[in-house]
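For reference, the structure is listed below as structure tokens.
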Amino acid sequence: MQEGFRPELGIRLQAVADLVRKGKCIADIGCDHGFVSIALIQSGAAEFVIACDVKEGPLKAAKEHVAAAGLKDRIDCRLADGLAGLKENEADGIIIAGMGGPLGLRILYDGRDKLKGVNQVVLQIQSKSALVRFVLKEWGFETISEEMVFEDGKYYVLMDLKTPSEALFYDLSISDWEAYLTEKEAELSGKNTQELANYTYGEKLIEKKSPVLLAFLEKEEERLLSVADELSAHPGEKSEEALGKINESVDVLMAAKWRICGIS
């Protein structure tokens, strides 16, 4: 690897880097190979980056890439779980990318004392987007914007978040994390169709008529209708119950799709 190494980011990671607003110190949580951290310095989006990962292997690779890029004085690689490796008011922007939705929420909750001086959180999660959006809203996070990208056969959602100003989130105390998420999922399921569409597919993405989201909705609609046809071909008590859930999912999907296509 030559000195002056410049990483090539894929579509997902480039979208993550592009969403970061210019800051003095950006924390890249779950930095993996350190490519985003390096790109932020090289593009001028960050003056300094704290690259954190909970695993020694990826962090070792990140250190090697940082050294190859000649950026050891501007990127500090730290072995840390979530935001535990940060000091209070050390970072003004935080990236949490490439992990499941519940884990992303847990990182924000466990590290909430490190968020008070943070201007932006870029969150890219791989699962349970509806639950994540619902909980973030309850906690007082403001969604500034959302992006959706497609890479290697998968769709990825990215959120640009403003941290809560109310003490409610920072004083939050959750004794049983799994029970808490189960309770929130139950609350979410009770919302009306339009609300569920916003939480499931992203109100910001729907409002701006994201073509990537529309492509995802059309693919998901085809999948759901195929499952519905299969269930209808094998009637029974269990299949009827499953078919009812599929039909509800289709209703939520169509509520989003109609708004994107300009049908109220």
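Using only the Cα atoms of the stretch 27-152, construct the convex hull and provide its projected area averaged over every direction, in square nanometres to one decimal. Mind showing how you got there, number by number?
Working: hull surface 31.7 nm².
Computing the convex hull of the Cα atoms and averaging its projections yields 7.9 nm².
When the Kirkwood radius is taken over all Cα pairs of the stretch 193-260, what Stokes-Einstein diffusion coefficient follows at 25 °C and 0.890 mPa s, in µm²/s?
Values: Rh = 12.5 Å.
Stokes-Einstein gives a translational diffusion coefficient of 197 µm²/s.
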Next on the checklist: Can you find, among Leu40, Gly23, Pro7, the residue sitting farthest towards the positive end of the charge dipole of the stretch 1-55, where Lys and Arg contribute +1 and Asp and Glu -1 at Cβ?
Outcome noted: Gly23
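So what is the calculated 222 nm ellipticity per residue for the chain, using -39500 (n - 2.57) for each DSSP H run with n of 4 or more, over all residues, to the nearest 500 deg cm²/dmol?
On the way: 11 runs with 129 residues, N = 264.
Here the helix-only value at 222 nm equals -15000 deg cm²/dmol.
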Checklist outcome for this item: To the nearest 10 degrees, the tilt of helix 101-110 (Cα long axis) against the first principal axis of the alpha carbons of the chain is 50
Checklist entry - Relative to the first principal axis of the alpha-carbon coordinates of the chain, what is the inclination of helix 211-232, with its axis defined by its Cα atoms, in degrees from 0 to 90 and to the nearest 10? => result 40
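For an R0 of 30 angstrom, estimate the FRET efficiency from the Cβ-Cβ distance between Asp110 and Lys22 and round to the nearest 0.05.
0.65
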Checklist outcome for this item: In whole angstrom, the spacing between the Cα centers of the stretch 225-264 and the stretch 2-58 equals 40
Checklist entry - What's the extension gain from Ala179 to Asn192 if we count 0.36 nm per residue and subtract their Cα-Cα distance? => result 2.4 nm
Checklist entry - Taking 0.36 nm per intervening residue step and subtracting the Cα-Cα distance, what contour gain separates Met254 from Ile144 on full extension? => result 37.2 nm
Item to check | Reported label for calculated Cα extents along the principal axes in Å given (1) 66, 38, 33; (2) 64, 42, 35; (3) 50, 38, 37 | outcome: (2)
Item to check | Residues of the stretch 114-134 with amide N under 12 Å of a point placed 7 Å along Cα→Cβ from Leu103 | outcome: 125-127
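To check you understand DSSP bridge types, tell me what percent of the beta bridges within the stretch 11-189 (both residues inside) are antiparallel, rounded to 5. Numbers along the way, then the final one.
On the way: 14 of 35 bridges.
Within the stretch 11-189, antiparallel bridges account for around 40 percent of the total.
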Checklist outcome for this item: Rounded to the nearest 10 degrees, the helix 237-260 long axis (Cα) sits at an angle to the longest Cα principal axis of the chain of 60
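Read the figures in this text as sums done on the coordinates, not as results from a lab. What you see is a predicted model, and the numbers here were worked out from it, not measured in a lab. Because the Cβ atoms are built from the backbone with ideal geometry, glycine has one as well, and the counts that use them run over all protein chains shown.
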